[in-house]
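The values are calculated or read from the model by the stated rules, or taken from the named source; none is laboratory data. What you see is a predicted model, and the numbers here were worked out from it, not measured in a lab. Reconstructed Cβ throughout: ideal geometry from the backbone, glycine too, with neighbour counts over all protein chains shown.
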Amino acid sequence: MDVFVLFWIGLAIVIGMAAGSRGRSGFGWFLLALVISPLLALILIALMPSLARPAGAEAAPTTATHVKCPDCAELILKEARVCKHCGCKLTPPSAATPAAKTFRERFADWWVS
């Protein structure tokens, strides 16, 4: 009986370590494996997608964070002053230039005048 309990706890620890490496709560999965069968917990961990990101992976560039270089057309950060790919000097968009008016604003201006 004691060997069975030690085996059960040992497998629950392995399940917790496996869950932790997949980006999930290791301690939570350890407790779950203690309550339910470690075999069931192993099956659940194997079926669930990994939440861990690979080392060095960054978030995908979006239009809110990146712009295209006018010279080489590579994506670079909006705050960049020099393109990291081609060395092209970039001019940041000036705040003094007004944004283009939307159709609704142009229509309102036309309607009022």
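What the table below lists for this structure:
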item	result
Members of the range 54-71 found to be modelled with pLDDT under 85 and either over 15 Å from CYS83 (Cβ atoms) or of a type in the set (Asp, Glu) (or both), listed by number	PRO54, ALA55, GLY56, ALA57, GLU58, ALA59, ALA60, THR62, THR63, ALA64, THR65
Candidate set from the range 74-113 (those that are exposed (fewer than 11 other Cβ atoms within 10 Å of the Cβ) and small (Gly, Ala, Ser)); member that is modelled with the highest pLDDT	GLY87
Check on GLY23, closer than 22 Å to ARG53 by Cβ and surrounded by fewer than 17 Cβ atoms within 10 Å (Cβ to Cβ)	yes
